[in-house]
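The block underneath contains the structure these notes are about, expressed in structure tokens.
Every number in this text was worked out from the coordinates using simple rules, so none of it is lab data. These figures come from a predicted structure and were not determined experimentally. Note: ideal-geometry Cβ built from the backbone for every residue, glycine included; neighbour counts use all protein chains shown.
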Ligand code: TXE
């Protein structure tokens, strides 16, 4: 089936009539076509957004809140349909799409429907100077939102919801690899009464369609989630245009396990933090660091647990590991397993492609555990972004902290211990934007979300997101001395 761009509340074909094939990762077959939009389509989307901006930015917070809340309700109403579409487009298990992806997309809209009615700004009295200052946080205008293929609707809405809640109008581009649920969101927004032009969805390749959004002279802020290399490229284009940039990039996250942890909870959670979504989550704990005294026990127990995971067709309720998102990505992930052997890594479990009966051309890979001895190896320094984790031991706290921080990325860390002092020492010294202690991926949308170092710039979530999508203006008024 052909999907279309959503511009000014209408579904339209790309002007140049160029199309890209859309694959079903579970079968390896083409199942649709998406627009390969050009600069002309992006310009058309920008014009629609610019036309809608005056009215939308003057729409009351209550009215905005009602519409965002209605979008959230409609997403929940269509949960199973959207989850099936997401699972088919991305290859993730239907259970994950149903329990995580789609409910979170609804939560993103519901959260910012509430947050915008609470978002306020400061006032300062310049005592003795007969002056009062207040800060306006005004919407920027037309903003660009560009999102990746790993959590398609979840991350697409995570940007759009605060952007429109704050009164902006949006030109959004989902990944060309997983366009389907973004396409379906258009109709939901219209049904919810979102005025035409407030949200415009343009499909196409990053280097052309995405580039046209980033380079557009009047799109004054770009919120991007994707690879670090791409983020650096986008920053180079946007910097001389003085655009506001929010960059959520890659990660190579340590999962630090001490002997004094709650072992069973750690083990069950570590299977999830290693292989959820086929390991295609920027927050996955892909470097597992285990205290020496429990290393052998952990190794045995972890391998056993992972061997029980079922690789299968995403539509099966019993599937734990679905298909990787694309043939290219499967080959990229597999190449790291081959590199492991060259740099002395030992595959303890997995490492092979899986042929799922009747779906021989699907992109399936075993969950893979590789034992390494040197944190400087490529497997521990580069983001693999697949169902591949490494394990290695550490002797003491000092070594654990050094290993955890000894990478270019700084997105999230997970720490397993019941020692309060250790928890505080590590939490303050870990060079990551997020630290989970005795849990993983527990999310409170009020918290600042983002990374340090090569994991990006800026924070999403809560009022951080509303501050990103507004311009702060200080107004200072002097008045006559009191009579
Ligand atoms: O990201 P890309 P992808 C990492 C992970 C993964 C890598 C590539 O390492 O292997 O990124 O994943 C658009 N100008 N993460 O392919 O290529 C592109 O069309 C403007 C971590 O998803 O960066 C897509 O819509 N836009 C990440 C989006 O950018 C461009 C989650 C992301 O594409 C562009 C996903 C350009 N020049 C991947 N080039 C996380 N932190 O969550 C591409 N795009």
Discussion item. Restricting things to Cα coordinates, could you compute the convex hull volume per residue of the stretch 107-161 in Å³?
Written reply: 106
Worksheet, complete the sentence: Using alpha carbon positions and the Kirkwood radius, the Rg to Rh ratio of the chain is 1.00
Worksheet item: Stretch residue 360-residue 196 to full length: gain in nm at 0.36 nm per residue minus the Cα-Cα span?
Response: 54.7 nm
Item to complete: Measure nothing fancy, just the Cα-based angle from helix 228-238's long axis to the longest principal axis of the chain, in degrees from 0 to 90, nearest 10.
Response: 20
Worksheet item: Against the longest alpha carbon principal axis of the chain, how many degrees, from 0 to 90 and to the nearest 10, is the axis of helix 180-191 turned?
Response: 30
Item to complete: Indicate, rounded to the nearest 5 percent, the antiparallel portion of the DSSP beta bridges found entirely in the chain.
Response: 45
Fill in: Ratio Rg/Rh, restricted to the stretch 335-483 and using Cα atoms, in which Rh is the Kirkwood radius
1.17
Practice prompt. Can you give me the P(r) profile for the stretch 1-151? Cα pairs, bins 10 angstrom wide beginning at 0, each as a whole percent.
Written response: 9, 24, 32, 21, 8, 4, 2, 0
Item to complete: Arrange 307, 413 by Cβ neighbour counts within 10 Å, fewest through most, would you?
Response: 307, 413
Worksheet entry | All Cα pairs of the stretch 415-466, percent lying beyond 17 Å | 45
Practice prompt. Give the Rg/Rh ratio for the stretch 77-206, taking Rg as the radius of gyration of the Cα atoms and Rh as the Kirkwood radius, to two decimals.
Written response: 1.12
Worksheet item: Cα-based Rg of the stretch 250-340 per 2.2 N^0.38 Å, rounded to two decimals?
Response: 1.17
Worksheet item: Using 7 Å Cα-to-Cβ label points, what is the residue 31/residue 481 separation (nm, one decimal)?
Response: 7.8
Worksheet, complete the sentence: Sorted on mean Cβ neighbours within 10 Å (highest first), peptides 387-394, 57-64 come out as 387-394, 57-64
Practice prompt. List 224, 302 from most exposed to least, where exposure is judged by having the fewest other Cβ atoms within 10 Å.
Written response: 302, 224
Worksheet item: Based on DSSP H runs of at least 4 residues, each adding -39500 (n - 2.57), what is the mean residue ellipticity at 222 nm of the chain after dividing by all its residues, to the nearest 500 deg cm²/dmol?
Response: -11000 deg cm²/dmol
Worksheet item: Hey, what did the chain get for relative contact order, percent, Cα under 8 Å, at least 6 apart?
Response: 19
Worksheet item: How would you order 314-320, 157-163, 13-19 from highest to lowest mean count of nearby Cβ atoms within 10 Å?
Response: 157-163, 314-320, 13-19
Worksheet item: Taking every eigenvalue of the Cα gyration tensor of the stretch 26-75, multiplying by 5 and rooting it, what semi-axes result, largest first, whole Å?
Response: 31, 22, 5
Worksheet item: Put a dot 7 Å past each Cα toward the Cβ at residue 438 and residue 120; how far apart are the dots in nm?
Response: 3.5
Worksheet entry | Fraction of beta bridges assigned by DSSP in the stretch 88-243 that are antiparallel (%, nearest 5) | 25
Item to complete: Compare the peptides 115-121, 128-134 by average per-residue count of other Cβ atoms within 10 angstrom and give them in order, highest first.
Response: 115-121, 128-134
Practice prompt. Give the residues of the stretch 175-209 whose amide nitrogen is closer than 20 Å to a point set 7 Å from the Cα of residue 76 in the direction of its Cβ.
Written response: 185-194
Practice prompt. Would you give the gap between the C-alpha center of the stretch 321-351 and the C-alpha center of the stretch 145-211, rounded to a whole Å?
Written response: 31
Fill in: Cα gyration tensor shape of the stretch 1-86, rounded if a/c is under 1.5, else prolate or oblate by comparing a/b with b/c
oblate
Worksheet item: So for the stretch 234-371: antiparallel DSSP bridges make up what percent, rounded to the nearest 5?
Response: 50
Discussion item. With angles folded into 0 to 90 degrees, how steeply does helix 79-90 sit against the dominant principal axis of the chain? Use alpha carbons for both and round to 10.
Written reply: 60
Practice prompt. Only Cα pairs under 8 Å and at least 6 apart count here; give the relative contact order of the stretch 96-188 as a rounded whole percent.
Written response: 30
Worksheet entry | residue 316/residue 474 FRET efficiency (R0 56 Å; Cβ-Cβ; nearest 0.05) | 0.45
